[in-house]
Amino acid sequence: MYVAVKGGEKAIRNAHKLLAKRRRGDTSVPSLTLEQIAQQLSHSVARVMGEGSLYDETLAALAIKQSRGDLIEAAFLMRAYRTTLPRFGYSQPVDTAKMLVERRVSATYKDLPGGQVLGPTFDYSHRLLDFTLAAEEDNTGQSVETVQADDDAMPRVTDLLGDEGLMEPDPVTGEDTPVGDLTREPLSFPADRDLRLQNLARGDEGFLLALAYSTQRGYGRTHPFAGEIRYGEVEIEFFAEELGFAVTLGSIKVTECQMVNQFQGSAKAAPTFTRGYGLVFGQVERKAMSMAMVDRSMRWQELGEEQVAPAQDIEFVLSHSDNIQATGFVEHLKLPHYVDFQAELDLVRRMRDEWFEKRRQEENGDAAQEAAE
Amino acid sequence: METSIRTTTKNTPLAAGFQDPVHNAQTCFRAIMDVMARPGSRKVIDTHDLSPPAPLTPVAAAIALTLFDYDTPVWLDRSLNSSEAVKAFLRFHTGAPIVGEAVDASFALVSDPEHLIPLASFNQGSAEYPDQSTTVILTGQEFGTAPSVTLTGPGIKDTTVFATGPVPPVFWDQVASNNNQFPRGIDLIFAGETEIAALPRSTRISPTEV
Amino acid sequence: MNDTAEIYDQGEYNFAYLDEQTKRMIRRAILKGIAIPGYQVPFASREMPMPYGWGTGGVQVTASILGKDDCLKMIDQGSDDTTNAVSLRGFFEKTAGIRTTYETSEATVIQTRHRIPEKNLTENQVLVFQVPIPEPLRFLEPRETETRKMHALEDYGLMHVKLYEDIAKNGHIATTYAYPVKVNDRYVMDPSPTPKFDNPKIDQMEALQLYGAGREKRIYAIPPYTKVKSLDFEDYPFEVQKFDKPCGLCGAENVYLDEVILDDKGGRMFVCSDSDYCEERRAEGHAGPMAADPAAIQIGGATVEETI
Ligand SMILES: [Zn+2]
């Protein structure tokens, strides 16, 4: 008996009880603590904060626990919580030149002021399963020698290039220019770069990765170099009207990627390097790099390039980057659609009848003609 | 919001807003929605807890509290604009920016409708975004007295007769030509002493045959 | 409060969940939608605690119009007890504490997905539709920038070509639901994925119709007594699906029927999609040809062993 769609309240309640039970798993195994998740699954936490568009490690850890590690579901929980929060205003732009850097690499220079700081990275590790981690008590408290980076002496690579006039300057925006915010105004096209970057920052890591990859394979080549990737802590400042100056609210960890791209110049502009920009919460370098490449791709019009590839198509990219929207609409196909299906059933049956009828008439016609001959 | 109460009122106590902001705004909105959906019909708005500074009327204040906020630039006609108390009331309770150019306004509040500026001075919206036009709110209206017009179109079963005043002498010609440019054009809300009515741009206007 | 209402029991939220600023923004969009029948008004759709595509547009519209004296009916596929209808009804019971009903005539606000009740609606009711893709031209032209221009210029040639190609290929128009309509002789509009059987109901309907698309961030409306014409051609006039049998349970004719498969031997019956309408008729003593069939008893709303 088919009762799935007429299941009613009891079925829903039972389904959610069962979900809670499955989420917890074997109760003889200790329950995860939020601290464990926040500390030991920091990449998941960072991704959930970024795509969930809310910086709060504990809430992200809770969302991951509640969603059984489904990171898109966790980001959705963060978004739904985020919309209920009161909005006090917009922070001052963060100054990543003043970042307390934990990692900083540049692919464009062998060495540079402040040096290359590898920091915590999977890069150059051998991807061999580390069976020592499988032990109950894994190898903790290993002392690590780190070099304290002197942040005054760590200028951004793009600023170094800019000093020589080789890099396009940062776009200058006036104090009074309103901040675009796609969570407050529906996105309309063509969208300006501020809105595009906001959309990408909230966008799905996998989607941006695939698009960025496509530009490397000839679908809208942008000649990127990883000018600089830096990860560390930056201060968030808020301009308090009643005080008349900015106050520090706290600090967040971000990854910034500046891709340096060739630009051959035009009648109006001399050849120079241009940039693609990526900034994400936490250490999510893959996304920051992808974002920078897609950002640069979408600047084709402003730089007088041709639009030839999906990654350049602003409306296409921005309309499909949001995994909360995408997952909702794809998964809504699970909802009952039997009313529409009934209409289709009727049509397909009718069209089949007509098709067979036509065939039958043709055959009869042929037979009649043969008989006549 | 708390801080602006002192700076804007200059010792005059600020008139209160809705006593129950959630439900008062909801009932007022439903009345506006109903009259917008049924052009020429009227609905009573309960304003017993509102005594806004003149010339802002309680019904107009209720509409403002229901629809205005930071995102809606508001244009005031001369008599409203010359009242600091009115501006303080609107700024404090709605946060709406008050603009000098009619064309920049999402809403226009008019307390001296006889001297209403031409409807074409307001934002008419564009062909692609006709929703961006101004909604003009005429206050101090008395329904059923002035010469009437006949309305047809969406929201109206067959036809309906509508009369309101005061309005400028050329008003109905202006409304007719405003509505002829559908989907562009302004929408009108009429605020009486206790009742409201509305005329969206979709309504076709003709003189009532006597 | 029903059981699923508990899902939303996470803290104190504003009446009907949305904050007042959001409601104002949506209310303004609703007024514009009413003033420009059939035009899709962009609005800053919020992230809701249910997924996009699962009714967030309808929920935001309902939350913005709902008052404490309203009585809400929530249907999906014509039925009050489909899973998502149950879930959304629970959401409003919890966040607004309002009265809900299964009875069409008792409701002041009806939120629906894919159906319009069989019973005529009245001037005192508002019908809120959940809309997945509000743009009727979207499958002919995926770009918003292009379709917006077409609406501005009232250039609907593409749509007519598509429908005509259907006729050339199949002998009739192969669109069975979300069948495009022209509203007030101006805007071509998607009536949401209701079967075209329901299209005649939205023409000159006495109730106000509001359409909400959350993911696509659009709201549109049809005021009462508005001309709504299903697109067609002089030689191929619009026609609705006809069922050659009445409802198996209540005997109703000229209503939309669900096909229910009874067994794996080809046994099936047709019953009213509008479950409240069917129950009311049966309570009045109407009986369809299969009302007494043991296989049909489970479908007729008798106690069913619920499964997950
Ligand atoms: Zn029936």
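The values are calculated or read from the model by the stated rules, or taken from the named source; none is laboratory data. Please read all numbers here as calculations on a predicted model, not as lab measurements. As a convention, Cβ positions derive from the backbone with ideal geometry for all residues, glycine included, and neighbour counts pool all protein chains shown. SASA here: full protein model, heavy atoms, side chains in, ligands and nucleic acids out. Shrake-Rupley method; radii C 1.70, N 1.55, O 1.52, S 1.80 Å.
Read through the list (1) in contact with a strand residue (DSSP E or B) (Cβ under 6 Å, 6 or more places away or on another chain); (2) under 26 Å from A:V339 (Cβ atoms), then give the number of the only condition that C:A35 fails.
Every listed condition holds for C:A35 apart from (2).
When both residues are 6+ apart or on different chains and their Cβ atoms are under 7 Å apart, which pairs have a first residue that lies in segment B:109-131 and is over 9 Å from B:G185 (Cβ atoms), and a second that is among the hydroxyl-bearing types (S, T, Y) and open to solvent by 30 Å² or more (accessible area, probe 1.4 Å)?
B:S111/B:S79; B:D112/B:S79
Within segment A:100-121, count every residue that is in a loop (DSSP other than H, G, I, E, B) and open to solvent by 80 Å² or more (accessible area, probe 1.4 Å).
The first filter runs over segment A:100-121 and keeps only residues in a loop (DSSP other than H, G, I, E, B), leaving A:106-116, A:118-121.
Checking the rest, the ones that are also open to solvent by 80 Å² or more (accessible area, probe 1.4 Å) come to A:109-111, A:118.
Count: 4.
Would you point out which residue out of A:G244, A:G265 is open to solvent by less than 40 Å² (accessible area, probe 1.4 Å), out of contact with any helix residue (DSSP H, G or I) (no Cβ under 9 Å at 6 or more places or on another chain) and at pLDDT below 90?
The unique qualifying residue is A:G265.
Within segment C:232-256, how many residues turn out to be within 16 Å of C:K201 (Cβ to Cβ) and within 9 Å of the ligand (Cβ to nearest atom)?
Counting residues in segment C:232-256 that are within 16 Å of C:K201 (Cβ to Cβ) and within 9 Å of the ligand (Cβ to nearest atom) gives 2.
If I ask for residues that are crowded, with 23+ Cβ neighbours inside 10 Å and within 12 Å of another protein chain (Cβ to nearest Cβ), which ones from segment B:180-202 would you list?
B:P183, B:G185, B:I186, B:D187, B:L188, B:I189, B:A198, B:L199, B:P200, B:R201, B:S202
Looking at A:T255, A:T215, A:T183, which one is out of contact with any strand residue (DSSP E or B) (no Cβ under 6 Å at 6 or more places or on another chain) and surrounded by 20 or more Cβ atoms within 10 Å (Cβ to Cβ)? Step through it out loud before you land on a result.
On the way: A:T255 fails: out of contact with any strand residue (DSSP E or B) (no Cβ under 6 Å at 6 or more places or on another chain); A:T183 fails: surrounded by 20 or more Cβ atoms within 10 Å (Cβ to Cβ).
From the options A:T255, A:T215, A:T183, the qualifying one is A:T215.
Just one of the numbered conditions (1) out of contact with any Ser or Thr (no Cβ under 8 Å at 6 or more places or on another chain); (2) at pLDDT 90 or above; (3) more than 14 Å from chain B (Cβ to nearest Cβ); (4) away from the ligand (no atom under 16 Å from the Cβ) is not true of C:R215; which one?
Tallying (1) out of contact with any Ser or Thr (no Cβ under 8 Å at 6 or more places or on another chain); (2) at pLDDT 90 or above; (3) more than 14 Å from chain B (Cβ to nearest Cβ); (4) away from the ligand (no atom under 16 Å from the Cβ), C:R215 fails exactly one: (1).
With the structure loaded, tell me whether C:D190 is within 16 Å of the ligand (Cβ to nearest atom) and within 21 Å of C:I75 (Cα to Cα) or whether it fails that test.
Details: within 16 Å of the ligand (Cβ to nearest atom): no; within 21 Å of C:I75 (Cα to Cα): yes.
Answer is no for this residue.
Suppose the filter is in contact with a strand residue (DSSP E or B) (Cβ under 9 Å, 6 or more places away or on another chain), of a type outside the set (A, V, I, L, M, F, W, C) and buried (at least 19 other Cβ atoms within 10 Å of the Cβ); does A:R47 pass it?
Working: in contact with a strand residue (DSSP E or B) (Cβ under 9 Å, 6 or more places away or on another chain): yes; of a type outside the set (A, V, I, L, M, F, W, C): yes; buried (at least 19 other Cβ atoms within 10 Å of the Cβ): yes.
For A:R47, the condition - in contact with a strand residue (DSSP E or B) (Cβ under 9 Å, 6 or more places away or on another chain), of a type outside the set (A, V, I, L, M, F, W, C) and buried (at least 19 other Cβ atoms within 10 Å of the Cβ) - is met.
In segment A:306-329, what residues are within 11 Å of chain C (Cβ to nearest Cβ), in contact with a helix residue (DSSP H, G or I) (Cβ under 7 Å, 6 or more places away or on another chain) and farther than 13 Å from A:F76 by Cα?
Of the residues in segment A:306-329, the ones within 11 Å of chain C (Cβ to nearest Cβ) are A:313-316, A:318-320, A:322-329.
Okay, now just the ones that are also in contact with a helix residue (DSSP H, G or I) (Cβ under 7 Å, 6 or more places away or on another chain), so A:314-316, A:318, A:320, A:322-324, A:326-327.
A:I314, A:E315, A:F316, A:L318, A:H320 - these are the residues of segment A:306-329 that are within 11 Å of chain C (Cβ to nearest Cβ), in contact with a helix residue (DSSP H, G or I) (Cβ under 7 Å, 6 or more places away or on another chain) and farther than 13 Å from A:F76 by Cα.
Can we say C:G90 is part of a loop (DSSP other than H, G, I, E, B) and within 11 Å of another protein chain (Cβ to nearest Cβ)? It would help to see each step written out before you state the result.
Numbers: part of a loop (DSSP other than H, G, I, E, B): no; within 11 Å of another protein chain (Cβ to nearest Cβ): yes.
Considered against the rule, which asks whether it is part of a loop (DSSP other than H, G, I, E, B) and within 11 Å of another protein chain (Cβ to nearest Cβ), C:G90 comes out as no.
From the list A:D70, A:D56, which one is more than 14 Å from chain C (Cβ to nearest Cβ), open to solvent by 40 Å² or more (accessible area, probe 1.4 Å) and without any contact (Cβ under 8 Å) to a residue 60 or more places away in the chain? Steps first, answer last, please.
Working: A:D70 fails: more than 14 Å from chain C (Cβ to nearest Cβ).
The match here is A:D56.
Would you check which residues across segment C:66-87 are outside any loop (DSSP other than H, G, I, E, B) and within 12 Å of another protein chain (Cβ to nearest Cβ) and list them? Walk me through it before giving the result.
Of all residues in segment C:66-87, those outside any loop (DSSP other than H, G, I, E, B) come to C:71-76, C:79, C:83-87.
Within segment C:66-87, C:I75, C:D76, C:S79, C:T83, C:N84, C:A85, C:V86, C:S87 meet the criteria.
The rows are residues; the columns are (1) more than 14 Å from chain C (Cβ to nearest Cβ); (2) closer than 24 Å to B:V44 by Cα.
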residue	(1), (2)
B:T94	no, yes
B:P97	yes, no
B:S148	yes, yes
B:T159	no, yes
B:V167	yes, yes
B:N178	no, no
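Which ones in segment B:53-70 are away from chain C (no Cβ under 14 Å) and open to solvent by less than 20 Å² (accessible area, probe 1.4 Å)? First the steps, then the outcome.
Pass one, segment B:53-70, residues away from chain C (no Cβ under 14 Å): B:53-61.
Hits for segment B:53-70 are B:L56, B:V59, B:A60, B:A61.
Could you please give the count of residues in segment C:11-51 that are outside any helix (DSSP H, G or I), open to solvent by less than 20 Å² (accessible area, probe 1.4 Å) and more than 11 Å from chain A (Cβ to nearest Cβ)?
5
Under 8 Å between Cβ atoms, which residue pairs at least 6 apart in sequence (or on different chains) link something in segment A:112-138 that is of a type in the set (S, T, N, Q) with a partner that is at pLDDT below 90?
Pairs found: A:T132/A:D138; A:T132/A:N139.
Which condition breaks for C:L163 when tested against (1) away from chain A (no Cβ under 13 Å); (2) at pLDDT 95 or above?
(2)
Considering only segment A:257-373, give the helices (runs of 4 or more DSSP H) lying wholly within it that have at least 1 residues that are of a type in the set (D, E) and out of contact with any Pro (no Cβ under 9 Å at 6 or more places or on another chain).
On the way: elements: A:285-297, A:314-320, A:323-331, A:338-372.
Once the helices (runs of 4 or more DSSP H) in segment A:257-373 are filtered for at least 1 residues that are of a type in the set (D, E) and out of contact with any Pro (no Cβ under 9 Å at 6 or more places or on another chain), what remains is A:285-297, A:338-372.
Please give the number of the condition A:A343 fails out of (1) open to solvent by less than 60 Å² (accessible area, probe 1.4 Å); (2) more than 14 Å from chain C (Cβ to nearest Cβ); (3) aliphatic (A, V, I, L, M).
(2)
For segment C:265-278, which residues satisfy the criterion of being more than 8 Å from the ligand (Cβ to nearest atom), free of Cβ contacts under 8 Å to residues at least 60 places away in the same chain and at negative phi?
Listed by number, the residues that qualify are C:K265, C:G267, C:R268, C:M269, C:F270.
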